[in-house]
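The values are calculated or read from the model by the stated rules, or taken from the named source; none is laboratory data. Note that the structure is a prediction, hence the values are computed from the model and not measured. Cβ coordinates were reconstructed from backbone atoms using ideal geometry, including for glycine residues, and neighbour counts include every protein chain displayed.
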């Protein structure tokens, strides 16, 4: 199976490697440049090339993301001095700061302590254990990489599965194993979507939205959570019910010794100074993100702490992330051996940053800027003029379903970075609020549950050997449909409250591009 899958991926990559340059040349030859936008055809050619190479992974995703640095200057679209700064901005530093704090949590095993503490709370019945694992995974994925969370949680889940298999046999415990593994994968994706730093597509959205609509109100950490967190909680509960009560009932015939989990927790020992510091910094960072700007709740408005500073408009979420992460380099540890001496975070943490994701972000931002600057966004918008007057609810559902299916086969970050600039133009053509299309596309990029290749969490749990592809597809296809419907209605109806979206009004800031 593994060789067969590798062969298929190899064929797709080879096809993409050839098709990309062919489409690039074809666009240059057959798309007529406009007088007002002489570089539009060149930008369309680059967009096609990058889209095909990203979708087929013809070369590493990060390598494709570097193409604007080479092609924009060569084709006269933007100079190298203008392109390079696009790759490093406040969203990148929000990601870097958040990831440094996540590295500290992993280094001092705080993430493991939090996970085990949550699992211990829910009890020892099979369905409750699954609930505990899913809750812990979702919570951690809100603040650290969902891939890293699942990498940590799968061995903890397998420890229980192996114990049960020894006692009751693989056949009797298979349903429990499937529930637990799928629960880990799905809750990681659902939890990650709830915060701006939880998953890369969310960060891509915030920057691409800024590039496409520089005069639009900023999407803050707080208002993103206000919309998506309730959706994530609802879908996590629904997923747990679907897995444990309908599809793969773990059954009452097996019993889990709660001492197993208690023993794992005891191995961590009492919480140490370093864990306490990281916990305090992490919790403070989350609060600073959430309450940075005022939060209108209708009956009351909670003032933002930045309003009390001399220069509130100079502060953003990236400032908070880097400031709090820097504290961890100054606070010394209380370790008595060479492994624990020094500060909470040290130089080696920079080697653990996912630089390939950072470069991928930059490539997407450069692509969005190029589409904006060359007039390609206007060209795309004109092609979708026919959609003007289309019911927004229908379009939101179509966008959500399309992105979900695309993400089943391709990188969710690459998918959002290709589609979001296009959706921005489509929204302008429809005379609809761009957030009505861009937000559901971003959320749906994290909600692909059907295939092992759809998300890293899916691939990791599939690699555990406890889930067959048919079992993942069976649960995933139901969750895909439910999530598309849920995303559509949440964005349509909650958008007016959280983001001030009026489905019948085209905002002025969308005209100032």
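Assess whether residue 262 counts as being at pLDDT below 85, part of a loop (DSSP other than H, G, I, E, B), touching a helix residue (DSSP H, G or I) at 6+ places or on another chain (Cβ under 8 Å) and surrounded by fewer than 22 Cβ atoms within 10 Å (Cβ to Cβ).
Judged against the criteria, residue 262 is not a match.
Taking the stretch 26-43 as the search range and keeping residues that are in a helix (DSSP H, G or I) and within 33 Å of the chain's Cα centre (by Cα), which one is farthest from residue 78 (Cα to Cα)?
Filtering first and then ranking leaves 27.
Looking at the stretch 345-368 only, could you name the residues that are over 16 Å from residue 145 (Cβ atoms), surrounded by 14 or more Cβ atoms within 10 Å (Cβ to Cβ) and more than 21 Å from the chain's Cα centre (by Cα)?
Listed by number, the list holds a single entry, 345.
Of the residues 302, 290, 256, which single one is modelled with pLDDT under 90 and closer than 30 Å to residue 332 by Cβ? Full working, then the answer.
Numbers: 302 fails: closer than 30 Å to residue 332 by Cβ; 256 fails: closer than 30 Å to residue 332 by Cβ.
After applying the criteria, what remains is 290.
From the residues in the stretch 475-493 that are under 16 Å from residue 240 (Cβ atoms) and touching a helix residue (DSSP H, G or I) at 6+ places or on another chain (Cβ under 7 Å), which one is surrounded by the most Cβ atoms within 10 Å (Cβ to Cβ)?
First, pick out the residues of the stretch 475-493 that are under 16 Å from residue 240 (Cβ atoms): 475-476, 478-479, 482-483, 486.
Cutting the leftovers down to touching a helix residue (DSSP H, G or I) at 6+ places or on another chain (Cβ under 7 Å) gives us 475, 478-479, 482-483, 486.
Working: 475: 25, 478: 17, 479: 24, 482: 17, 483: 28, 486: 19.
The selected residue is 483.
From the list 114, 129, 101, 91, which residue is touching a residue at least 24 places away in the same chain (Cβ under 8 Å), out of contact with any helix residue (DSSP H, G or I) (no Cβ under 6 Å at 6 or more places or on another chain), in a helix (DSSP H, G or I) and closer than 23 Å to residue 328 by Cβ? Steps first, please.
Values: 129 fails: closer than 23 Å to residue 328 by Cβ; 101 fails: out of contact with any helix residue (DSSP H, G or I) (no Cβ under 6 Å at 6 or more places or on another chain); 91 fails: out of contact with any helix residue (DSSP H, G or I) (no Cβ under 6 Å at 6 or more places or on another chain).
The conditions single out 114.
Kindly check whether there is at least one residue in the stretch 293-312 that is touching a residue at least 12 places away in the same chain (Cβ under 8 Å), under 29 Å from residue 117 (Cα atoms) and exposed (fewer than 12 other Cβ atoms within 10 Å of the Cβ).
Within the stretch 293-312, not a single residue is touching a residue at least 12 places away in the same chain (Cβ under 8 Å), under 29 Å from residue 117 (Cα atoms) and exposed (fewer than 12 other Cβ atoms within 10 Å of the Cβ).
Between residues in the stretch 487-502 that are at positive phi and residues that are surrounded by fewer than 21 Cβ atoms within 10 Å (Cβ to Cβ), which pairs lie under 9 Å by C-beta distance while being six or more apart or on different chains?
Between residues of the stretch 487-502 that are at positive phi and residues that are surrounded by fewer than 21 Cβ atoms within 10 Å (Cβ to Cβ), the close pairs are 500/217; 500/507.
Only residues that are over 20 Å from residue 362 (Cβ atoms) and either crowded, with 24+ Cβ neighbours inside 10 Å or touching a strand residue (DSSP E or B) at 6+ places or on another chain (Cβ under 6 Å) (or both): list them for the stretch 442-462, please.
443, 444, 446, 447, 448, 449, 454, 455, 457, 458, 461
I'm trying to understand the selection: among the residues of the stretch 280-319, which are in contact with a helix residue (DSSP H, G or I) (Cβ under 6 Å, 6 or more places away or on another chain) and either more than 18 Å from residue 498 (Cβ to Cβ) or assigned to a helix (DSSP H, G or I) (or both)?
281, 282, 285, 288, 289, 290, 306, 312, 315, 316, 317, 318
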